[in-house]
Amino acid sequence: MKQNWQKILFVIVITALGYFLGRFDSVLYQQPVGQVTAVKTLSSESTTDEHGNQDESVDQQLRVKLLNRKDKGKVIKNSYLSSQAETIRYQKGDQILLTKSDDGYQIDMAKRDNVLFALLGFLFAGLYLAMSRRKFSFLALSIVVNAGLFLATILWDATSRSLPVLPVFVVLGLLLSALALYFVLGWGLQAWITWLATCLATLLAVLAMAAVIAVTGAKGIHFETMSYVTQLPQPVFYAQALIGVLGAVMDESGDIVAGLFGLKRESSERTFADYWQAGRSIGREILGTLTNVLFMIFIAETVPMVILMLRNGNNWSYILDQTMNLGILQTVVSALGIVWAVPVTAFITATLLTKKGAINS
């Protein structure tokens with residue numbers, strides 16, 4: 001019992017450290033950072049649209065203390081809607097990122113890294129307690145390295161005007177999956193089989209999507225509905241689908257390969273048919289669960305926008321066409337990759353494990 005309380009206390013302490021790290025890191029920002037010290041409501045006005053949706057527009061006067069500048073406190077105005085769909089109501093103690101202009105300072109966005117660091121602290125503390133120190137070290141290193149690579153690629157794409165998006169993200173996907181498997185499994189046969197099966201299943205799923213889009217001329221697919229895209233949307237969607245499929249397929253392939261390697265360690269006198277049937281059986285057990293998880297993630301992302309559009313008088317046909325169109329397509333492609341992963345992984349693993357001289361570990 002005492003040990004359980006120590007673990008709980010450890011998680012609480014690490015989470016709190018993450019929160020306070022984000023709360024007091026304003027000196028690390030080049031952008032002006034301020035903290036709201038006083039709030040005064042200047043005016044408010046209720047509004048009702050033609051669909052009966054009620055909202056309230058409020059004007060605030062914020063007194064802001066600059067945390068990483070020598071300037072004295074500033075008075076800044078902020079307008080928000082009570083629904084806070086695209087605007088924010090600020091309260092005393094909130095930290096905000098500012099932009100300097102000729103008229104003084106303007107609000108850029110809320111500073112939320114304290115919440116982010118607290119959640120990361122909670123996550124890593126839980127992982128640390130759930131696994132050995134060696135495995136945790138490699139897992140944490142994998143997350144940091146892959147996040148750094150992904151961020152660097154995004155920044156490169158954002159600053160380059162002629163970057164071939166899809167080839168770059170194909171290479172990124174290969175690197176991310178290879179590094180993740182290396183840090184978790186090492187350079188052994190198990191990691192190589194998982195990586196090869198993941199790449200092949202992902203390739204088959206994306207090629208199937210590309211073939212259908214080419215044959216149908218992308219009829220009914222509205223790439224232009226992608227939010228905030230400032231370059232050709234179709235390559236960006238392909239890159240997005242590729243990364244999404246890759247993660248789901250790697251999870252399934254890793255489970256199948258691990259299960260078949262377990263059979264290999266129990267008895268090395270198994271035939272190709274034994275591994276093939278076992279691999280398919282493992283895949284069938286987790287295929288439905290993974291597909292449902294992907295679908296629920298898509299639904300969770302879509303629910304707020306669907307409710308908003310329904311409240312504004314849009315019908316389901318329009319919502320499916322304009323809001324859920326690409327999400328449904330990506331979910332179907334990911335599900336296709338999961339389906340492909342079962343026979344591909346089972347075949348590759350069974351072939352290599354029954355080969356004479358295959359590694360028995």
Provide 134, 63 ordered by accessible surface of protein heavy atoms (probe 1.4 Å), highest first.
134, 63
Scattering profile of the range 221-310 at q = 0.13, 0.22 Å⁻¹ [log10 I(q)/I(0), Debye over alpha-carbon scatterers]:
-0.65, -1.12
Lysines with Cα under 25 Å of residue 40, excluding same-chain neighbours fewer than 8 positions away
65, 70, 72, 74, 77, 92, 100, 111
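Starting from the eigenvalues of the Cα gyration tensor, five times each then square-rooted, give me the equivalent ellipsoid semi-axes of the range 164-294, largest first, whole Å.
33, 17, 12
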Between residue 127 and residue 293, what's the calculated FRET efficiency when r is the beta-carbon distance and R0 is 25 Å? Round to 0.05.
0.80
Taking Cα pairs closer than 8 Å and at least 6 residues apart, the relative contact order of the chain in percent is 16 percent
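Test of the criteria: in the range 159-264, which trypsin sites (Lys or Arg not before Pro) are in a DSSP loop and have at most 11 other Cβ atoms within 10 angstrom of their Cβ?
Of the trypsin sites (Lys or Arg not before Pro), the ones in loops of the range 159-264 whose Cβ has at most 11 other Cβ atoms within 10 Å are 161, 219.
Rg/Rh for the range 12-80 to two decimals, with Rh computed the Kirkwood way over all alpha-carbon pairs. Walk me through the numbers on the way to the answer.
Numbers: Rg = 17.6 Å, Rh = 14.9 Å.
Answer for the range 12-80: 1.18.
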Magnitude of the Cβ-charge dipole of the range 16-128, K/R +1 and D/E -1, about the Cα centre, nearest 20 debye?
880 debye
If I ignore ligands, DNA and RNA and count only protein heavy atoms, how much of residue 263 is accessible to a 1.4 Å probe, in Å² to the nearest 10?
40 Å²
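Of all the Cα-Cα pairs you can form in the range 298-361, what percent are over 13 Å apart?
Result: 72 percent of Cα pairs exceed 13 Å.
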Springs between alpha-carbon atoms under 10 Å, Gaussian network over the chain: tell me which of 70, 92, 135 tops the mean-square fluctuations.
70
Phi-derived 3J(HN,Hα) across the range 23-34 with the Karplus relation (6.51, -1.76, 1.60, θ = phi - 60°), rounded Hz, x for Gly and Pro, is 6, 10, 9, 4, 5, 7, 8, 7, 6, x, 10, x
Ordered by number, the chymotrypsin sites (Phe, Trp or Tyr not before Pro) in the range 157-211 that occupy a DSSP loop and have at most 10 other Cβ atoms within 10 Å are 187
Regarding the chain, what are the three Cα extents along the principal axes, ordered largest first, in Å?
80, 58, 45
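Please go through the range 242-297 and write out the GluC sites (Glu not before Pro) that DSSP classes as loop and that have at most 16 other C-beta atoms within 10 Å.
269
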Among 321-327, 236-242, 299-305, the order from most to least packed when residues are scored by Cβ within 10 Å on average:
236-242, 321-327, 299-305
With a 1.4 Å probe and every protein chain kept in, tell me what percent of the accessible surface of the chain is carbon plus sulfur.
62 percent
Find how many whole Å separate the alpha carbon centroid of the range 276-342 from the alpha carbon centroid of the range 126-147.
29 Å
Determine how large the accessible area of residue 215 is when every protein chain is in place; take a 1.4 Å probe and give Å² rounded to the nearest 10.
130 Å²
Using the Karplus equation 6.51 cos²θ - 1.76 cosθ + 1.60 (θ = phi - 60°), what ³J(HN,Hα) coupling, rounded to whole Hz, does each residue of the range 198-212 give in order, writing x for Gly and Pro?
4, 5, 5, 5, 5, 4, 4, 5, 5, 5, 4, 4, 4, 5, 5
In whole Å, largest first, the alpha carbons of the range 36-149 cover along the principal axes 58, 46, 25
Cα gyration tensor of the range 141-207 diagonalised, 5x eigenvalues square-rooted, in angstrom largest first, produces semi-axes 24, 17, 6
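The values are calculated or read from the model by the stated rules, or taken from the named source; none is laboratory data. Since we're looking at a predicted model, the values are computed, not measured. Here Cβ is always computed from backbone atoms with ideal geometry, including for glycine, and neighbour counts include all displayed protein chains. Note: areas computed on protein heavy atoms with side chains; ligands, DNA, RNA excluded. Shrake-Rupley method; radii C 1.70, N 1.55, O 1.52, S 1.80 Å.
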